1. If the chain between I302 and E187 were fully stretched, how many nm would it gain, using 0.36 nm times the residue separation less the Cα-Cα distance?
2. Going by amide H atoms built from the backbone, whose H comes under 5 Å of the H on G303, apart from near neighbours?
3. Checking a compactness column here: for the stretch 1-155, what do you get for Rg(Cα) / (2.2 N^0.38 Å), N being the number of residues?
4. Using a Cα distance threshold of under 25 Å, what count of lysine pairs results for the chain when pairs must be 8 or more residues apart or interchain?
5. With contacts defined as alpha carbon pairs under 8 Å and 6 or more residues apart, what's the relative contact order of the stretch 241-323 in percent?
6. Considering only the other residues whose Cβ falls under 14 Å of the Cβ of G197, what net charge follows from Lys and Arg at +1 and Asp and Glu at -1?
7. Quick check: net charge around V296, other residues with Cβ under 11 Å of its Cβ, Lys/Arg +1 and Asp/Glu -1?
8. When the helix-only estimate is applied to the chain (DSSP H runs of n ≥ 4, each -39,500 (n - 2.57), divided by the residue count), what is the mean residue ellipticity at 222 nm, nearest 500 deg cm²/dmol?
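What follows draws every value from the coordinates through simple rules; no lab data is involved. What you are looking at is a predicted structure, and each value in this text was computed from that prediction instead of being measured. Note that each Cβ is placed from the backbone with ideal geometry, even for glycine, and that neighbours are counted across all protein chains shown.
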Amino acid sequence: MCSSFAIPQAVEEAALHLKQGNLVAIPTETVYGLGADATNEQAVATIFRLKGRPSFNPLITHFPSKQAAFDHVVANPTADALADTFWPGPLTLVLPKKKTSPLVPAISAGLDTIGVRVPAHPITKALLELVDLPIAAPSANPSEALSPTTVAHVRQYFSDNPLLAQILDGGPCQSGLESTVIGFDAEERAVILRPGGLSLETLTNFLGYAPGTPSDSDPITSPGQMLRHYAPRRAQVRLNALDVGAHEALLAFGPTTLTAPLMLNLSVTGNLDEAASHLFAMLQELDASGAQTIAVMPIPMIGVGVALNDRLRRASVKNPSLI
Ligand code: TXA
Ligand code: MG
């Protein structure tokens, strides 16, 4: 911990809550997380309960440094190089769990691996250093719902729930899309388990090969990639819209002549990073406006556009309760 900076009181309070086994919502550069002590069985169970998360979906655990993270996993040279280059940042590495690791089994959801990440947000970095505990944190939304990129989103989901002790305010999340989750095949080659803030192009450049991707039908390597996910509460989502219907809200991307009474633009200039940082908040806003359907203009499959399209495709899967 850097002693020349005063630790905000809210961070001290959060550390205390975590040590007592309570849940705290934490800001990261990607999305807000629902944090708990990853070595406390009761606390981890409360995460699953509060989110309504199926027990087969493992949690990411957050650490202040690569060294702290790698105390719990068996790394390999590629994982080591990825961590050196992209941490702190939007990268989660799924690696075999060391037998000596005190992380509770529920984190791994029956697998023999754990997902580890070093987040970049200064407030959560300070918290991780102060509390000196690994923090398990899935995104701070009910299972399947849109991910939270502001404190207001977290409050909307959980503020009246006594299971959440505190929400740490770190402002709007900078990148707005969850971390890229990477696992390794038998030859220790990287495989993308979930596209995210770290793009395929950047990874391919770094690795010298294009990492593979598992299919939706592979539940073992990709338990969190449920088809319906990141979904608005009420509205249906229509993808690749080239027009807009009378009762539709429009989620535009780039310069466009399309208009609608209810319309937001992910990025007027067509900047994918800007679009990523707006995606969840704009879907929330259009959903809250009462539109039955949100028509989304096409988004190119380059850079972070791959992760944007992944989230939108899952958001568009019809809600069984609405059919
Ligand atoms: O950016 C992020 O990753 C955010 C912030 C809070 O760090 N967290 C996040 O967590 O998105 P969550 O729980 O919403 O998504 C975690 C993803 C899921 O798809 C899960 O299946 C996958 O990571 N995952 C975690 N541990 C895994 C493991 N051991 N094996 C395979 N996939 C794993
Ligand atoms: Mg999530």
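1. Working: separation 115, 0.36 × 115 = 41.40 nm, distance 2.72 nm.
Separation in residues times 0.36 nm, less the Cα-Cα distance, equals 38.7 nm.
2. Answer set, sorted by chain and number: E201.
3. Values: Rg = 14.6 Å, N = 155, 2.2 N^0.38 = 15.0 Å.
Here the Cα radius of gyration is 0.98 times the empirical estimate.
4. Summing the qualifying lysine pairs gives 15.
5. On the way: 105 pairs, mean separation 25.8, N = 83.
That works out to 31 percent.
6. Working: positive: R117, R194, R311; negative: E29, E178, E201, D273, E274, D310.
Neighbour charge sum, excluding G197 itself: -3.
7. Details: positive: R238, R311, R313; negative: E248.
Within the 11 Å Cβ shell, the charges total +2.
8. Value at 222 nm, helices only, nearest 500: -8500 deg cm²/dmol.
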